[in-house]
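Scroll down for the structure; my scribbles are underneath it.
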Amino acid sequence: MDERKRRLLKISALLLSIGLFVEAAGYCMGWREARVQEARSTETKPALVSFLRSENSLLKKQIRTIPPRGHYIVVDTADNLLYLKDGPRTLLKTTISAGSGSILIDPSGERKWIFETPRGEFAIQSKIVKPTWFKPDWAFIEEGKPIPKNMMERVEPGMLGDYALGFGDGYFIHGTLYTRLLGKNITHGCIRMGDRDLKILYQSVSLGTRVFIL
């Protein structure tokens, strides 16, 4: 058996062990993405959330069946809940806000952003105290403001709370000034948490901690 086939077998075994690959149920990321796109174009937002909730329920059952070892994080984007777990035990359950699924198109028509929280398995790649947000182009377009040429005009201290946990591609679990909106799908893709629970999460996980986003 060549090295490529051996690596593919290892990846398949890993996916089976954490319950994120359910062949019997016809579940795969390509199929799911097509269904989500179809739901977005033909259904109301409540119907889309209901669709995601149904699929997330299936995945949560799989993770409960064969839970990973040690500390890991599970994020339910349909119900806007985050769990910090240790094997089968739940150490923390808290309300969060995940991506809105909304679409923003640059007035020029050359760029488009879809504000969704990515789904799949990730890992904590960075831990930051007192993070500073550098507003991207879409934030100015969304506000109807010109995009600044001076980088310092992009600096927004305090917007991300006291802590940020990066899990790749510019996505973070972080705090929020808008705690009254927790529990709703309103973010641009990051996961927002309340200050108290965010501190507990930050102190409980380490770099490499697995993150399962459903």
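The values are calculated or read from the model by the stated rules, or taken from the named source; none is laboratory data. If you're wondering where the values come from, they're calculated on a predicted model, not measured in any experiment. In this analysis, Cβ positions are derived from the backbone assuming ideal geometry, glycine residues included, and neighbour counts consider all displayed protein chains.
Suppose we filter PHE140, PHE122 for residues that are over 21 Å from THR176 (Cα atoms), in the same structural domain as LEU84 (by TED's automatic domain parsing), surrounded by 15 or more Cβ atoms within 10 Å (Cβ to Cβ) and modelled with pLDDT of 90 or more; which single one remains?
Answer to the check: PHE122.
Somewhere in the range 192-205, is a residue under 12 Å from the mean Cα position of the chain (by Cα), in a loop (DSSP other than H, G, I, E, B) and under 20 Å from ILE114 (Cβ atoms)? No, that holds for no residue.
Here is a yes/no grid of residues against (1) free of Cβ contacts under 8 Å to residues at least 24 places away in the same chain; (2) closer than 17 Å to PHE122 by Cα:
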residue: GLY175; (1), (2): yes, no
residue: ILE186; (1), (2): no, no
residue: ARG192; (1), (2): no, yes
residue: ASP195; (1), (2): no, no
residue: GLY208; (1), (2): no, yes
residue: VAL211; (1), (2): no, yes
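I'd like to know if the range 96-116 contains one or more residues that are under 17 Å from SER206 (Cβ atoms) and either in the same structural domain as PHE167 (by TED's automatic domain parsing) or of a type in the set (A, V, I, L, M, F, W, C) (or both). No, the range 96-116 contains no residue that is under 17 Å from SER206 (Cβ atoms) and either in the same structural domain as PHE167 (by TED's automatic domain parsing) or of a type in the set (A, V, I, L, M, F, W, C) (or both). Only one entry in ARG32, ARG40 is touching a Gly at 6+ places or on another chain (Cβ under 9 Å) and modelled with pLDDT under 70, namely ARG40.
Looking only at the range 79-86, decide whether some residue is loosely packed, with under 13 Cβ neighbours inside 10 Å and modelled with pLDDT under 95. Scanning the range 79-86 turns up no residue that is loosely packed, with under 13 Cβ neighbours inside 10 Å and modelled with pLDDT under 95.
Counting just the residues of the range 87-105 that are without any contact (Cβ under 8 Å) to a residue 40 or more places away in the chain and part of a loop (DSSP other than H, G, I, E, B), which one comes out surrounded by the most Cβ atoms within 10 Å (Cβ to Cβ)?
Among those that are without any contact (Cβ under 8 Å) to a residue 40 or more places away in the chain and part of a loop (DSSP other than H, G, I, E, B), it is SER102.
Filtered by the rule that a residue be on the phi > 0 side of the Ramachandran plot and out of contact with any Phe, Trp or Tyr (no Cβ under 7 Å at 6 or more places or on another chain), the range 172-208 gives GLY183, GLY208.
Of the residues making up the range 72-95, those that are farther than 19 Å from GLY161 by Cβ and either in contact with a His (Cβ under 8 Å, 6 or more places away or on another chain) or not assigned by TED's automatic domain parsing to the domain that holds LEU198 (or both) are LYS85, ASP86, LEU91.
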